[in-house]
Structures are given as C-alpha cells and as structure tokens.
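A.B. asks: This is the structure, below, for whatever I ask next.
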Amino acid sequence: MKQKTVLITGGTSGIGQATALRFAAAGHIVFLTARHLADGNQVVAEIIARTGNPHVRCLPADLSTIRSCQQLVAAVIQEIPGLQLLINNAGVFMTEKVLTADGFETNFMVNYLAPFILSTGLADLLARNAPARILSVNTGLHLRGYFDLKKTPYGLDFGSRASYRNTKLANALFTVELAHRLADKHVTVNAFSPGLYNTRVLKVKGLERLFYRIVGAFYGLYRPISQSAAAPYYLATDNELINTTGAFFYRKKLAAFAPQAADADLREKLWDETLAWITDASRDG
C-alpha cells in the first residue's frame, strides 16, 4: 500500500490511539489531536517507540468550541498539505447536561458540530490530494435517535442516553449529505460503528457502569481495545472501497443508516441550520 497521510481526532486514548498505532505500524504519516499537547506528545513518543515510525505528530485541539475547531482547520491546512485521510474519531457520551462556551450541548458540539467543521473546512484540501476519504465514528444507536432542530443543539431535550443517540443521528445525516456534495471531488465520506469497547467515552459510574461491564462481558460485546483499529484502517485504506460513499458500516460490514438519512430535505435543512449556528457563534466570538 502507498503511504498515506492521516489525521485522527481524539488520538490519545481508546479507539483513536489504537487507530493511530495501526496506521503508524503500517508506515503511514500520522497526525493525531489532543486537548492537552503534553498528553498528545507522550502518546506520540509511545507510538514511535513501538513502531519505529518517526512520522507521527500531535496537534493541539479543543473540539468543544467552534473557534478551536476552526483554528484546527487552519493549522491542518498550513501544516499537513498532503492530507488524504480524515478520521473523525473524537466523541463524548455525556450523562449530564453541560453547555459549551458557545452555548451548545456538549454531545452536540463534539459528536456533530466538530466533525462538520473539520470535514467541510478540510474538504478542498482533501480534494486536492484525491482520492481521499473522510470517516466518522458513529454507532448503531443512531437508529433510535430523534433530532429536534430547536431543542437538541441546546440540550433542551437532553437525556443521559438520548442526547448521544440524537447527536449521532445528526452525524449520520451530515455524512450522507456531505457525501452527495463531494461526489464529484473524489472524496468519499462514510461512517462506521467500531463495535463495543471499554473506552473513556462511556461516562457512566457506579452501578450503571458495573451493569454495562457485566452485560458486555456476558454477551462478549467488549473486545480488546487493540482490535478496535481493524475497522477504521480497513475502511480508510481498502482499494475495493475507493468509490463507496455515503455509507454506514458496522465494523467492516455494510449496514443501514437510519431512515431519516434518506430524507434530502431534512439533510439540507440541518446543513443550512448548522451553517447559521456556526456563523452566529463566530460572530459572537
């Protein structure tokens, strides 16, 4: 396989770190993001030591604000001119309602707005390096999501599980819409569920966390985190998928998006509203 240049958000732990390690081990040029640069550089050093690949770097990025996401886009355009793969891995599962500095609910900001800003902001760069790919981590739970344009962005319909599902549904709608918009740019856009792993994203505690661990162990749902990189690496590099776009995968297998993703009017409305939210927040900032 030819050497690729990949950017992985949230690459300092869990699936993101495993994915960065997998790409580095295969000899690719790897950039990961970290909220705290010191933590990111420590992970980079570990990956280089384990793989012998010196082409691994970290970019500081706080994906909880619109301004910081836009700053990351600018930094990537400046520092990674050869970018070919974007993996929107960073995500949160908030069990309590927390608003960001821009006034958005945190699940909505990190799981939807951040991938939107990064993917659209880097689309032209990726197109210049085509064929290129954008991947976003999603979940089968988006099939049970419901998105309210007036409530969900601000957590007015917040639920400890529902908000995660709802923002992942928004991510699914965006994935299909962006795939249509980039269809003639030789940039594919897909989403996938990597499966269940015991990561930091699941921010539940006490008896609820014990419940998830017991159920996951009983049904064999939680796999070793080292296996979590198999799906994103395959989806980002396999030649048979070079023209596959606007699709959802469960691990490596093609699956179905929620029916709402086929609603072109809903996708366009969400797109237009998102641009307005970003513009308003940027103006206020």
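A.B. asks: Sequence-distant or interchain residues sharing an amide H contact under 5 Å with Ala34, placed H: which?
C.D. replies: Amide H to amide H, under 5 Å and 5 or more residues apart or across chains, Ala34 pairs with Leu59, Ala61.
A.B. asks: Something else now. Under the 0.36 nm per residue contour assumption, what length would be gained going from the current alpha-carbon distance of Asp280 and Val98 to full extension?
C.D. replies: Answer, rounded to one decimal: 63.5 nm.
A.B. asks: In a Gaussian network model over the chain where Cα atoms closer than 10 Å are linked, find which of Thr33, Thr175, Thr100 has the largest mean-square fluctuation.
C.D. replies: It is Thr100.
A.B. asks: Starting from the Cα of Ala74, step 7 Å toward the Cβ, then list every residue of region 113-157 with an amide N under 18 Å from that point.
C.D. replies: 114, 117-125
A.B. asks: Shifting gears a bit: Which of Val110, Val30, Val98 moves the most in a Gaussian network model of the chain with Cα springs under 10 Å?
C.D. replies: Taking springs between Cα atoms under 10 Å, the residue moving most is Val98.
A.B. asks: Now, a different point. Return the percentage of antiparallel bridges among DSSP beta bridges fully within the chain, rounded to the nearest 5 %.
C.D. replies: DSSP beta bridges in the chain are roughly 15 percent antiparallel.
A.B. asks: List, largest first, the extents of the alpha carbons of region 5-284 along their principal axes, each in whole Å.
C.D. replies: That works out to 48, 46, 37 Å along the principal axes.
A.B. asks: Going by amide H atoms built from the backbone, whose H comes under 5 Å of the H on Phe93, apart from near neighbours?
C.D. replies: Amide H neighbours of Phe93: Lys203.
A.B. asks: When the helices in the chain are scored as -39500 (n - 2.57) per DSSP H run of 4 or longer and the sum is shared across all residues, what 222 nm value do you end up with, to the nearest 500 deg cm²/dmol? Can you show the working numbers first?
C.D. replies: Numbers: 8 runs with 118 residues, N = 285.
It lands at -13500 deg cm²/dmol.
A.B. asks: Would you please give the FRET efficiency between Tyr250 and Arg161, computed as 1/(1 + (r/R0)^6) with r the Cβ-Cβ distance and R0 = 22 Å, to the nearest 0.05?
C.D. replies: Efficiency, rounded to the nearest 0.05: 0.70.
Read-outs: derived from the displayed coordinates by stated rules, not from any lab. If you're wondering where the values come from, they're calculated on a predicted model, not measured in any experiment. Reconstructed Cβ throughout: ideal geometry from the backbone, glycine too, with neighbour counts over all protein chains shown.
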